[in-house]
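Asker: Before I ask anything, let me first share the structure, which is written out below as structure tokens.
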Amino acid sequence: MKIVGLESLVFAVDDVAGASRFLVDYGLAPVGVSDRGGRFEAMDGTAVVIARQDDPALPRPPVPGCRLRKTVMGVADEATLGAIVAELRRDREVRRLADGSIESIDDSGFVIGFQLTARKPFVLAGEISNAPGGVVFRPINSLGVPPPGSVIRPRSLSHVVYFVPDVVKAEAFYVNRLGFRCTDRFTGTGPFLQPGGSLDHHTHFLIGAPPQMHGVEHFTFHFGGPSEMISNGYRFVEKGYQAFWGPGRHILGSNWFWYFNSPFGCHIEMDADMDQHDASWQPREATASADNSQAFLLKMRKKWYPGPGIHENGDYA
Amino acid sequence: MATTREAGSAALLRLCRADEIGEAQSRGFDPDDEGQDSLFVVRWQGQLHGWRNACPHIDGAPMAWRRDAYLNAEGTRIVCHAHGAEFVPDTGLCVQGPCRGERLSRLELVVIDGELFVTS
């Protein structure tokens, strides 16, 4: 099955104006947004969609209080869409919607949709490091650090992380029914999953959790590189948003990360430079801990040189 | 920086004027200059309530999604914007989400001559 990845995530919100501002400040582009909600797109057209929580058109949540109402995945062709319909109709309802997409439910109660992918291809070099002896370099006189005021936009919807009450059952659905592969695993916690039409380390990560946590841990978009992503994160903090963890770099997947609180009842991440794997990759297994989750974690030092306002012995705490 | 004064044996840290926090509003404070708000105050049915900015679900997790934004849109619940836990504003009891049944940590507030202080 050629599922290429996430196409959109649909959230129910209690403050459309606040959530809209949040997503625009994150870097997404508003499309057709009104006081009832709208769409916020990355460069390739993948998106977060928000709607007022009292909108009757919203699918139901997996559990009360969960603001994620639907996870829409893109597929490469009609054959895949047909194969998914045939597979899922063996034991559950699959609805054809007016826009040609299909809608069903996974084994953890999350409403899922599939559509022919509408991702808009684009070519734009990602971050390039100037390394002695290297092959690819940044153009001469171009800058590695994004200048103040430069536009930074998320490139593509990256992944979603679910808290699920039965992680074995949840994984089996995506692997056995939809053709996902486990790329790496946290023992006793859950798998990183890659669909058949993607090389990304993961588009889904499942975390086994107590029933009262059933819902979403986070979702994230890919940015063009760590410098762009971290610059965007600092701008986000300066706008008053609350960081949770980061900036740093994960071990499994190698993606740079920075997590923030959000008005969607879950964290939102900014990520960059995730590993890609094909079917020859052998999944690793690690115990879930902070040590196994972060290769490193960065910390800003505002004062590091002698000068006004700095203790004569420096500021090296 | 917060200013301090003594009232009885407890040191008081000044936060703001009490009337700066309106009904169903919240505000975060960083009285120890930690670089992140360590507590927040909500006014609920006229009364001010002070809480540590730490969700009981994950020890020390900061709760606002934007500076001073600790409440839902209706102003009826304190919300942890990490995983959506909801708390009753005047009791701190979690009524929905991952830490249901647990409570926020209360901080004692004092109003003197219209000025709001937290005891330290």
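The values are calculated or read from the model by the stated rules, or taken from the named source; none is laboratory data. None of the values given here were measured: they were computed from a predicted structure. So basically every Cβ, Gly included, is an ideal-geometry build from the backbone, and we count neighbours across all protein chains shown.
Asker: Please tell me if B:Asp59 is closer than 18 Å to B:Arg106 by Cβ, within 14 Å of chain A (Cβ to nearest Cβ), assigned to a loop (DSSP other than H, G, I, E, B) and at pLDDT below 95.
Answerer: Yes: the conditions hold for B:Asp59.
Asker: When you go through (1) within 14 Å of chain A (Cβ to nearest Cβ); (2) surrounded by 21 or more Cβ atoms within 10 Å (Cβ to Cβ); (3) not β-branched (Val, Ile, Thr) one by one for B:Leu15, which number turns out not to apply?
Answerer: Just one mismatch for B:Leu15, condition (1).
Asker: Another question about this same structure. Would you confirm whether or not region A:195-202 contains a residue that is crowded, with 18+ Cβ neighbours inside 10 Å and within 14 Å of chain B (Cβ to nearest Cβ)?
Answerer: no
Asker: Out of curiosity, is A:Phe257 modelled with pLDDT of 95 or more and touching a helix residue (DSSP H, G or I) at 6+ places or on another chain (Cβ under 7 Å)?
Answerer: Against the criterion (modelled with pLDDT of 95 or more and touching a helix residue (DSSP H, G or I) at 6+ places or on another chain (Cβ under 7 Å)), A:Phe257 does not qualify.
Asker: Still on this structure: Keeping to region B:92-107, report how many residues are closer than 14 Å to B:Arg43 by Cα and assigned to a loop (DSSP other than H, G, I, E, B).
Answerer: Count: 1.
Residues are listed down the side, and each one gets a yes or a no for (1) of a type outside the set (A, V, I, L, M, F, W, C); (2) under 24 Å from the mean Cα position of the chain (by Cα); (3) surrounded by 11 or more Cβ atoms within 10 Å (Cβ to Cβ):
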position	(1), (2), (3)
A:Phe122	no, yes, no
A:Gly133	yes, no, no
A:Pro139	yes, no, no
A:Ala170	no, yes, yes
A:Val175	no, yes, yes
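Asker: For region A:259-275, name all the residues that are of a type in the set (Asp, Glu) and either assigned to a loop (DSSP other than H, G, I, E, B) or within 9 Å of chain B (Cβ to nearest Cβ) (or both).
Answerer: Those that are of a type in the set (Asp, Glu) and either assigned to a loop (DSSP other than H, G, I, E, B) or within 9 Å of chain B (Cβ to nearest Cβ) (or both): A:Asp273, A:Asp275.
Asker: Please work out which residue is nearest to the other protein chains (Cβ to nearest Cβ), limiting yourself to region B:77-95 and to residues that are crowded, with 20+ Cβ neighbours inside 10 Å and of a type in the set (Gly, Ala, Ser).
Answerer: Ranking the qualifying residues of region B:77-95, first place goes to B:Gly84.
Asker: Here's a follow-up. When you scan region A:207-245, how many residues do you find that are acidic (Asp, Glu) and either surrounded by fewer than 21 Cβ atoms within 10 Å (Cβ to Cβ) or part of a strand (DSSP E or B) (or both)?
Answerer: The total comes to 2.
Asker: When region A:169-196 is examined, which residues are found to be closer than 17 Å to A:Ser108 by Cα, among the hydrophobic types (A, V, I, L, M, F, W, C) and touching a residue at least 40 places away in the same chain (Cβ under 8 Å)?
Answerer: Passing the criteria: A:Ala170, A:Ala172, A:Phe173, A:Leu178, A:Phe180, A:Phe192.
Asker: Of the residues A:Ala51, A:Ala17, which single one is surrounded by fewer than 17 Cβ atoms within 10 Å (Cβ to Cβ) and either hydrophobic (A, V, I, L, M, F, W, C) or within 18 Å of the chain's Cα centre (by Cα) (or both)?
Answerer: When all the criteria are applied, what remains is A:Ala17.
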